[in-house]
Each structure stands twice: as structure tokens, then as C-alpha cells.
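Engineer: Here's a structure for you.
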Amino acid sequence: MKVVEVTSDNRELIDKIYQNEIDSFGVMGGADMWMIMSFIRYGKLYVLLDNFGKLLSVAQYQAVLKKNAVFLYGFSTPESERGKGYGKKLLESTHNFLKDIGIEMVYLTVDPKNMPAISMYEKAGYKIEELQKDEYGIGIDRYLMVKIF
């Protein structure tokens, strides 16, 4: 397995990421092609691949203005690969990459009902800061979680 920072010239991998977004979040919930390219050019987009190039997990980070911080916009693992530790591996690796470039804090939001994700984030050192009521529309609440390096 290897962690790869995605670049704009890897169209085959970008297409895999886009398909994973649709499969994981649906058409209205995941990152579209415009957002994916924005993460590549103006943030960080990392993937965990197996030895044959199969997509195992995706992490999309946005810069937070005027802070040495990033927002983990999207984090997903294809349904067939969940529960195998791939997300944990990608999260740990990307944290190391981010620390190496001077990032001091990571923010994310997560569905309060998504206990597997919350558990993974807490084990990685994230703390729940607040419940954001109706963050993405009426009845779509999110926990804001923060990790400080």
C-alpha cells in the first residue's frame, strides 16, 4: 500500500476519486470535479492505493485562511474496503505530511450518527468542539471536531 498526493495530471486517479465520491455520498453530497480539482491545486488531496492501484481511501483538505490549519472537507473509504484499517492508515499518514509543511490544526465536521467515523477520529486525537445545528440544511447537524498537533 502507498499514500499518494494526487496531482492534476493523473486523470485516471481523479476519475476514480470522483466515482468514489458518488458511491460514498451520492450526487448531492460528495465533491464534484470542480471541487476535486480545487483540492489538488489549492489544498491537498491524498489517496491510499493498494499495490495494484486500487483506491482504498481518500482525504481532501482545504486551507484555512490566516491560520496554520486545514479543514478535512472529505474523507471516505469505498464501502467494500471499510473496516480494514485503511482510513486510519491514510489519516495518520496525511497528519504526518501536514505537520511536515507546518500545519498545526485540522478541523472537520461529521454526522453525529456516524459512530464509526467519530470513533476513528477520536482515536486519532480529534476532540468534539461543538454541535453545529442545521449546518448543511434543516435537520442536517454536524459535530465540529478539531485536532491540534
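Engineer: Only Cα pairs under 8 Å and at least 6 apart count here; give the relative contact order of region 55-149 as a rounded whole percent. Each step should come with its number before you reach the end.
Structural biologist: Working: 147 pairs, mean separation 23.9, N = 95.
Value for region 55-149: 25 percent.
Engineer: Related question: Could you tell me what percent of the accessible area of region 39-149 is made up of carbon and sulfur, with a 1.4 Å probe and every protein chain present? Write out the running numbers ahead of the final one.
Structural biologist: Details: 3200 of 6310 Å².
Whole-percent figure for carbon plus sulfur exposure: 51.
Engineer: When the Karplus curve 6.51 cos²θ - 1.76 cosθ + 1.60 is applied with θ = phi - 60°, which whole-Hz ³J(HN,Hα) does each residue of region 9-16 get, with x for Gly and Pro?
Structural biologist: 8, 9, 5, 4, 5, 4, 4, 5
Engineer: Give the accessible surface of the chain per residue, rounded to a whole number of Å², with probe radius 1.4 Å and ligands, DNA and RNA excluded. Let's see the in-between values first.
Structural biologist: Working: 8700 Å² over 149 residues.
I get 58 Å² per residue for the chain.
Engineer: Using θ = phi - 60° and the Karplus form 6.51 cos²θ - 1.76 cosθ + 1.60, what ³J(HN,Hα) does each residue of region 90-106 get, whole Hz, x for Gly and Pro?
Structural biologist: Taking θ as phi minus 60°, the curve returns 5, 4, 4, 5, 5, 4, 5, 4, 5, 4, 5, 9, x, 6, 10, 8, 10 Hz for region 90-106.
Engineer: Give the Rg/Rh ratio for the chain, taking Rg as the radius of gyration of the Cα atoms and Rh as the Kirkwood radius, to two decimals. Could you put the intermediate results ahead of the total?
Structural biologist: Numbers: Rg = 14.6 Å, Rh = 15.6 Å.
On the Cα set of the chain, Rg over Rh gives 0.93.
Engineer: Pairs of lysine in region 56-123 with Cα under 21 Å and at least 8 positions apart or on different chains: total?
Structural biologist: Close lysine pairs found across region 56-123: 11.
Engineer: Another question about this same structure. Roughly how big is region 1-69's charge dipole about its Cα centre, with Cβ charges of +1 (Lys, Arg) and -1 (Asp, Glu), in debye to the nearest 20? Each step should come with its number before you reach the end.
Structural biologist: Values: 8 positive and 8 negative charges, 75 e Å.
Dipole about the Cα centre, nearest 20: 360 debye.
Engineer: To make sure I understand the rule: partners must be aspartates and glutamates, Cα under 13 Å from the Cα of residue 16, and not fewer than 8 residues away in the same chain. Which ones qualify?
Structural biologist: Partners within reach: 32.
Engineer: Which of the trypsin sites (Lys or Arg not before Pro) across region 71-120 are loop residues per DSSP, with 16 or fewer other Cβ within 10 Å?
Structural biologist: 82, 84, 113
Engineer: Give me the one-decimal nm value for the distance between modelled label points at residue 9 and residue 64, 7 Å along each residue's Cα-to-Cβ direction.
Structural biologist: Between residue 9 and residue 64, the label points sit 3.4 nm apart.
Engineer: Rank these residues by their accessible area, most exposed first, probe 1.4 Å: 41, 142, 11.
Structural biologist: On the way: 41 140, 142 50, 11 110 Å².
Putting 41, 142, 11 in descending order of accessible area: 41, 11, 142.
Engineer: When the dipole is taken about the Cα centre of the chain, and only Lys, Arg (+1) and Asp, Glu (-1) are charged at their Cβ, what size is it in debye, to the nearest 20? Present the calculation step by step, with values, prior to reporting the outcome.
Structural biologist: Details: 19 positive and 20 negative charges, 83 e Å.
The calculation lands at about 400 debye.
Engineer: Rank these residues by their accessible area, most exposed first, probe 1.4 Å: 7, 109. Numbers along the way, then the final one.
Structural biologist: Working: 7 70, 109 35 Å².
From most accessible down to least: 7, 109.
Engineer: Filter the chymotrypsin sites (Phe, Trp or Tyr not before Pro) in region 27-135 to those in DSSP coil with at most 14 other Cβ atoms within 10 Å of their Cβ, and list the result. Before the final figure, lay out the partial values.
Structural biologist: Details: sites: 34, 39, 42, 46, 52, 61, 71, 73, 75, 86, 97, 107, 121, 126; in loops: 52, 126.
Here the chymotrypsin sites (Phe, Trp or Tyr not before Pro) that fit, given the DSSP loop and packing criteria, are 52.
Engineer: Moving on. For residue 23 and residue 92 in one chain, what is 0.36 nm times their gap in residues minus the Cα-Cα distance, to one decimal in nm?
Structural biologist: Full extension from residue 23 to residue 92 adds 22.5 nm.
Engineer: Among 26, 139, 87, which one shows the biggest mean-square fluctuation in a GNM of the chain, springs joining Cα atoms closer than 10 Å?
Structural biologist: 139
Engineer: At a Förster radius of 22 Å, what calculated FRET efficiency corresponds to the Cβ-Cβ distance of residue 148 and residue 119, to the nearest 0.05? The partial results should precede the final answer.
Structural biologist: Numbers: r = 19 Å, r/R0 = 0.87.
Calculated value: 0.70.
The values are calculated or read from the model by the stated rules, or taken from the named source; none is laboratory data. All of these numbers come straight from a predicted model, not from anything done at the bench. FYI the Cβ positions are ideal-geometry reconstructions off the backbone, even for glycines, and counts take in every protein chain you see. Ligands, DNA and RNA are stripped out before the accessible areas are found, and what is left, the full protein with its side chains, is counted by its heavy atoms. Shrake-Rupley method; radii C 1.70, N 1.55, O 1.52, S 1.80 Å.
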